[in-house]
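Report on the following structure.
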Amino acid sequence: MNPLRVLRPSAIRSFLDSQSSAGLVLMAAAALALFLANSPWQIAYEAVLHANLGPLSLEHWINDGLMAIFFLLVGLEIKREVLDGQLSTWPRRILPGVAALGGMAVPALVYLAFNRGPTAAGWAIPAATDIAFALGVIALLGNRVPASLRVFLAALAIIDDLGAVVIIALFYTAKISLLDAAGAVAVIGLLIGLNRFGVRRLSPYLIIAPFLWILVFRSGIHATLAGVVLALTIPMERTPGRRDADVDSPLHRLEHALHLPVGFLIVPVFGLANAGVSVLSLPVEALVAPVTLGVGLGLLVGKVTGVLGFAMLAIWLGFAHMPAHAGKLHMLGVALLCGIGFTMSIFITLLAFPGHLILQAEAKLGVLGGSLVAGLLGYAVLAIAIRGHHAAPGSER
C-alpha cells in the first residue's frame, strides 16, 4: 500500500493537521524573539542575524533563501487546491474568494486612513492572514469547531496568500535587471518544458531550482517569488480510472516532503529572526505612531470588517451559502482569526520599509499587537459560539 494514501486521507485534512501544530511552534518562536530583543542578549541576538555567510547576512539568507522554500509550499498548496481541492469549482471559490477580497481591501484602506506620504508604502502589511497561527488557534478548540469552518478558513487563507504573492510581485519589486530577468524566463521555459514532456521525477526540477532563484534574486524581483513559479511548474496529474488527483504525483510528493521542515523549522526560524522588536528602546510615541495604528487596526478592525462584511453580503445576495453547522457568531470568530497576520505581514514590512528600522519596528508592533488581540478575541468568540453544542461537528464530512 502506498504510505501516502494512509498518511494523507484528503489534501485539506492533512493540510489542517500539520499547519495547526506548526502554528503553536511559531508562537513559541515569536515569543522567544521578543524576549531576546528585550533582554541582555539583544546585542548578541542582532550580531548573529547580521553575521555574513558568504555574499549575504544570515538574516538575508533566512528572508530571501529559506522563505523561498516557504513560498514554494504556498505555491504548491494554491495549485493543488485550485486543480483538485477546496477551490476546484466556482461554487467552492465564491465565499472564501469574496471574503479574502474584503479581507485584503478593507485593511489596506484602514491603514491608508492613518498614513500618507512615504509611510503609505506599508498599505499591504495588514492585508495578509497567517494561516499557521490562525489554524493553531482554532486547533485549541478541538473538534467542537465545525469542519466546514476550518475548510473555509484554510481556503480563504490560501486565496489570501495568492493575493499577497501578486501584491509583492506588482508593488514591491525593485528596478529590474532585464538580462537576469530574461535568464529567469528562459529557466522557467525549461521547467515548463519538463512538465509538458511528462517528466515526473522531482530531481530535474529541484536541480534547476537554485539557478532560477539566483537569476530572480539578481533580476531585482524578490527572490522568494521563484518558489511560487517553481511550484506552478511541478506536475500534478490524475491517474487513469481515478476521479481525484493522484496522491503520488510529483506535486503531492514534494508538498508532503516540505510540510514538516517548513512548518516546524523554516517559518519558526523566520519568526525568530524577524519578530524581535526592542520595545524597551522605542519611544512611547511609537505605540501610537501612524504606522503602528494603521497596521494594528488594519488587522483587528479592517480584517474582521472586510472578511465578515463581504462574506455575509455574498450570502445575503445568494451568491454563496453559510458554511454547514455554522452561524453568524462562528463567522465573526473566523473573521477575527483572519486578523492574525504574522509571517506574511512581517515579510511585507521588510519590503515596504527597506532600511527604515524605526518604521519596521512600528509596523512589527502593529502586527504583533493587532494579531494578539485578534487571536484572543477570535478564540473567545468561537468558544462562545460552540458552547452548549454537545455533538462533535468537527467529525462531519
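The values are calculated or read from the model by the stated rules, or taken from the named source; none is laboratory data. Since this is a predicted model, take the numbers as computed values, not measurements. Every residue, glycine among them, receives a Cβ derived from its backbone with ideal geometry; neighbour counts consider all protein chains shown.
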Practice problem: Among the residues of the stretch 298-343, write down those that are in contact with a Phe, Trp or Tyr (Cβ under 7 Å, 6 or more places away or on another chain) and over 22 Å from I386 (Cα atoms). | Solution: G298, F342, T343
Quiz item: Taking the stretch 33-89 only, how many residues are closer than 28 Å to V151 by Cβ, of a type outside the set (A, V, I, L, M) and surrounded by 14 or more Cβ atoms within 10 Å (Cβ to Cβ)?
Solution: 11
Practice problem: Look at L101 and say whether it is at pLDDT 95 or above, crowded, with 16+ Cβ neighbours inside 10 Å and assigned to a helix (DSSP H, G or I). | Solution: yes
Quiz prompt | Where a residue in the stretch 101-127 is farther than 25 Å from L313 by Cβ and β-branched (V, I, T) and its partner, wherever it lies, is surrounded by fewer than 21 Cβ atoms within 10 Å (Cβ to Cβ) and modelled with pLDDT under 95, with Cβ under 6 Å and at least six apart | solution = none
Quiz prompt | Entirely in the stretch 1-86, the helices (runs of 4 or more DSSP H) that have 3 or more residues that are over 25 Å from L206 (Cβ atoms) and modelled with pLDDT under 90 | solution = 11-37
Quiz prompt | Of all residues in the stretch 165-189 being among the β-branched types (V, I, T) and farther than 20 Å from I208 by Cβ, the one that is surrounded by the fewest Cβ atoms within 10 Å (Cβ to Cβ) | solution = I176
Exercise. Identify the residue in the stretch 202-213 that is over 28 Å from A352 (Cβ atoms) and not aliphatic (A, V, I, L, M) and, among all such residues, is surrounded by the fewest Cβ atoms within 10 Å (Cβ to Cβ).
Key: S203
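Quick grid of which residues meet (1) part of a helix (DSSP H, G or I); (2) of a type in the set (V, I, T); (3) at negative phi:
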| position | (1), (2), (3) |
| --- | --- |
| G302 | yes, no, yes |
| I315 | yes, yes, yes |
| A324 | no, no, yes |
| T349 | yes, yes, yes |
| Q360 | yes, no, yes |
| L368 | yes, no, yes |
| L377 | yes, no, yes |
Quiz item: Condition test on A320, is it aliphatic (A, V, I, L, M), in a loop (DSSP other than H, G, I, E, B) and more than 16 Å from the chain's Cα centre (by Cα)?
Solution: yes
Quiz prompt | The lone exception for V262 - which of (1) assigned to a loop (DSSP other than H, G, I, E, B); (2) in contact (Cβ under 8 Å) with a residue 12 or more places away in the chain it fails | solution = (1)
Quiz item: Does V291 fit the bill of being more than 20 Å from the chain's Cα centre (by Cα), outside any helix (DSSP H, G or I) and closer than 29 Å to A68 by Cα?
Solution: no
Quiz item: What single numbered condition from (1) modelled with pLDDT of 95 or more; (2) more than 26 Å from L351 (Cβ to Cβ); (3) surrounded by 13 or more Cβ atoms within 10 Å (Cβ to Cβ); (4) not basic (K, R) fails to hold for V199?
Solution: (1)
Self-check item: Yes/no for L135 being surrounded by fewer than 24 Cβ atoms within 10 Å (Cβ to Cβ), closer than 27 Å to L232 by Cβ and touching a residue at least 60 places away in the same chain (Cβ under 8 Å)
Solution: no
Practice problem: Return the pairs, sorted by first residue and then second, in which the second residue is polar (S, T, N, Q) and in a loop (DSSP other than H, G, I, E, B), the first residue lies in the stretch 38-56 and is within 19 Å of F217 (Cβ to Cβ) and without any contact (Cβ under 8 Å) to a residue 60 or more places away in the chain, the beta carbons are less than 7 Å apart, and the residues are 6+ apart or on different chains. | Solution: none
